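The values are calculated or read from the model by the stated rules, or taken from the named source; none is laboratory data. Here the structure is a predicted model, which means the values were calculated and not measured. Note that we place each Cβ from the backbone using ideal geometry, even for glycine, and neighbour counts take in every protein chain shown.
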């Protein structure tokens with residue numbers, strides 16, 4: 001068991017160092033890219049027990065929502081204490097959606113223990129009759145401890161597999177931003193690596209992309225949103 005954990009930890013070190021360095025380079029060299037994608041149906045989901053610094057990123061998150069192409073539909077929800085709290089059901093009123101954002105609770109009382117069950121609930125709120133591309137932006141630490149903390153299952157938990165299956169069935173790409181929670185991922189390097197591995201898997205296997213800057217936390221969401229805009233333009237550029 002010790003050898004398995006050591007091997008996992010070493011692989012996580014290499015992965016996070018590489019991605020972290022890539023993220024920081026992009027943050028320093030890229031200018032803000034305008035969003036030129038087709039209209040999107042997008043659910044923005046925020047884990048409610050993330051560290052308080054996430055509250056400082058509400059401004060850039062609102063700016064992103066308001067920058068979405070006309071005709072886009074937005075839902076805003078919070079993953080808190082094992083439930084999905086919808087602050088704003090899907091709407092084409094981008095200002096209304098952006099104004100529904102609030103500061104996360106940033107307390108262990110709001111810990112979800114498993115964000116992926118609530119992602120599945122959000123996926124069920126997409127209307128199959130809608131036109132346009134479907135996407136989820138999941139802002140989370142990615143950690144699933146609902147069945148214990150087993151490093152060998154990182155990226156392969158039961159509910160993560162269910163989330164991937166449901167997203168693909170509904171043609172919905174999951175993009176994810178990593179931020180540590182006030183729980184394990186702010187104290188344990190191994191837990192942070194576990195969470196990031198899971199976010200990377202759920203995004204990669206649904207056609208999205210995960211964004212993070214090493215396991216020590218984050219500086220700002222600015223670089224995340226700039227790279228997300230670039231990815232949305234690449235995948236869904238308006239003709």
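Return the pair list, or none, for Cβ contacts closer than 9 Å from residues in the stretch 90-110 that are on the phi > 0 side of the Ramachandran plot to residues that are buried (at least 18 other Cβ atoms within 10 Å of the Cβ) and assigned to a helix (DSSP H, G or I), at least 6 apart or on different chains.
Correct list of pairs: 106/54.
In the list 99, 95, which residue meets the criterion of being more than 15 Å from the chain's Cα centre (by Cα), surrounded by 15 or more Cβ atoms within 10 Å (Cβ to Cβ) and within 30 Å of residue 237 (Cα to Cα)? Spell out the reasoning first.
Values: 95 fails: surrounded by 15 or more Cβ atoms within 10 Å (Cβ to Cβ).
Checking each option against the conditions leaves just 99.
Among the numbered criteria (1) buried (at least 21 other Cβ atoms within 10 Å of the Cβ); (2) more than 24 Å from residue 162 (Cβ to Cβ); (3) modelled with pLDDT under 95, which single criterion is violated by residue 72?
That leaves (3) as the condition not met.
Restricting attention to the stretch 194-223, which residues are assigned to a helix (DSSP H, G or I) and modelled with pLDDT under 95? I'd like the intermediate steps shown before the answer.
Here is the first cut: in the stretch 194-223, the ones assigned to a helix (DSSP H, G or I) are 194-204, 222-223.
Hits for the stretch 194-223 are 194, 195, 196, 197, 198, 222, 223.
Answer yes if at least one residue in the stretch 49-69 is more than 22 Å from residue 223 (Cα to Cα), over 16 Å from the mean Cα position of the chain (by Cα), without any contact (Cβ under 8 Å) to a residue 60 or more places away in the chain and assigned to a loop (DSSP other than H, G, I, E, B), and no otherwise.
No, the stretch 49-69 has no match at all.
Look at the stretch 186-204 and say how many of its residues are under 20 Å from residue 44 (Cβ atoms) and in contact with a helix residue (DSSP H, G or I) (Cβ under 7 Å, 6 or more places away or on another chain).
Result for the stretch 186-204: 4.
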